[in-house]
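The values are calculated or read from the model by the stated rules, or taken from the named source; none is laboratory data. Quick caveat, the model's predicted, so the values are computed rather than measured. Please note: Cβ atoms are built from the backbone with ideal geometry, for glycine as well, and neighbour counts cover all protein chains shown. Just so you know, the surface numbers come from the protein's heavy atoms only, side chains and all, with ligands and any DNA or RNA stripped out. Shrake-Rupley method; radii C 1.70, N 1.55, O 1.52, S 1.80 Å.
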Amino acid sequence: MTRPHLATFALIALVALVTGFVLAGQIRAQLLTPSNQLARYQALVRNVQELEAVNTDDRRQIASLRAHIDALESDAAARSAATQGLKNRLNDLRAHAGLVAMHGPGIEVTLRNGVPGPDTGGKSGYLVNFQDVQDVVNLLFVQGAEAIAVNGRRVTPLTAFSGSEGQIVIDQGSPFASPVKVDAIGDRNRMQEALNDPSALPDIRARQVQFQLHLTFEGSPSISLPAYDSSLQISHVSPA
């Protein structure tokens, strides 16, 4: 075979070889592209699944935190209600003990000495004593008085009354005498009814008849009482 023929065959073989490589590359490209798309799709699916798992965990943690917060708020509310209840109870006890000043509707009672009798030689008649005052105060407390003051001095259910010969002493305060003013805050209608009851205060009723002891009272829409003077100063005793 001549050299020109050999060259022709060689050229044809080279062209065929190149064409085969090109066709193989195209076929490979066509085969790999779907595979790459599938891989990307699978990767996206995995990412979505991972995100969903993370979101699910986050939602679970958020729900747990919300439940914990709700529990804390409920506990705080319960504690707040209990604390407020204790504060209200303490305020009631302080008011009942006379430790705070008070203002409100009530009643004003006045006790005055009796007039001299015909057989007294012009001397003073019956003198209001501490028992008279104590009887009035006790009656008012029984009838629901929320606070009482005697001549401007706050008293409580535990207040001690003493005195002699027309002198009245409350706790360790300074003595005083008639006229005695008893102010009480509370249901004034109920207290007035009790004071009008002929069967109430029998000792005072008897002294009203016998010695003309004066007991008067009237309701008031506005009474102000001071707090209890807890200093308890002792005026007549000194250290040895």
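Sort through Ala177, Ala160, Ala101 and tell me the only one that's under 20 Å from Gly219 (Cα atoms) and either at pLDDT 95 or above or not hydroxyl-bearing (Ser, Thr, Tyr) (or both).
Checking each option against the conditions leaves just Ala101.
Got a sec? Which helices (runs of 4 or more DSSP H) wholly within the stretch 103-215 have at least 3 residues that are in contact with a strand residue (DSSP E or B) (Cβ under 7 Å, 6 or more places away or on another chain) and either touching a residue at least 40 places away in the same chain (Cβ under 8 Å) or under 30 Å from Ala227 (Cβ atoms) (or both)?
In the stretch 103-215, 130-142, 188-196 are the helices (runs of 4 or more DSSP H) which contain 3 or more residues that are in contact with a strand residue (DSSP E or B) (Cβ under 7 Å, 6 or more places away or on another chain) and either touching a residue at least 40 places away in the same chain (Cβ under 8 Å) or under 30 Å from Ala227 (Cβ atoms) (or both).
Rundown of residues vs (1) at pLDDT 95 or above; (2) within 37 Å of the chain's Cα centre (by Cα), yes/no style:
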{"residue": "Gln131", "(1), (2)": "no, no"}
{"residue": "Gly144", "(1), (2)": "no, yes"}
{"residue": "Val155", "(1), (2)": "no, yes"}
{"residue": "Gly173", "(1), (2)": "no, yes"}
{"residue": "Val182", "(1), (2)": "yes, yes"}
{"residue": "Asp187", "(1), (2)": "no, yes"}
{"residue": "Asn196", "(1), (2)": "no, no"}
{"residue": "Ser199", "(1), (2)": "no, no"}
{"residue": "Arg207", "(1), (2)": "no, no"}
- Of the conditions (1) within 44 Å of the chain's Cα centre (by Cα); (2) at pLDDT 90 or above, the single one that His214 does not satisfy is (1)
- Taking the stated definitions as given, is Leu90 hydrophobic (A, V, I, L, M, F, W, C), open to solvent by 90 Å² or more (accessible area, probe 1.4 Å), modelled with pLDDT under 80 and within 30 Å of Leu158 (Cβ to Cβ)? yes
- Query: How many of the residues making up the stretch 99-116 are within 15 Å of Asp187 (Cβ to Cβ) and open to solvent by 60 Å² or more (accessible area, probe 1.4 Å)?
  - Reply: 1
- Query: What tally of residues in the stretch 170-186 results from selecting those that are within 11 Å of Val133 (Cβ to Cβ) and open to solvent by less than 30 Å² (accessible area, probe 1.4 Å)?
  - Reply: 3
- Item | Among (1) open to solvent by 30 Å² or more (accessible area, probe 1.4 Å); (2) at pLDDT below 90; (3) of a type outside the set (Val, Ile, Thr); (4) not in a helix (DSSP H, G or I), the one test that Ser222 misses | (2)
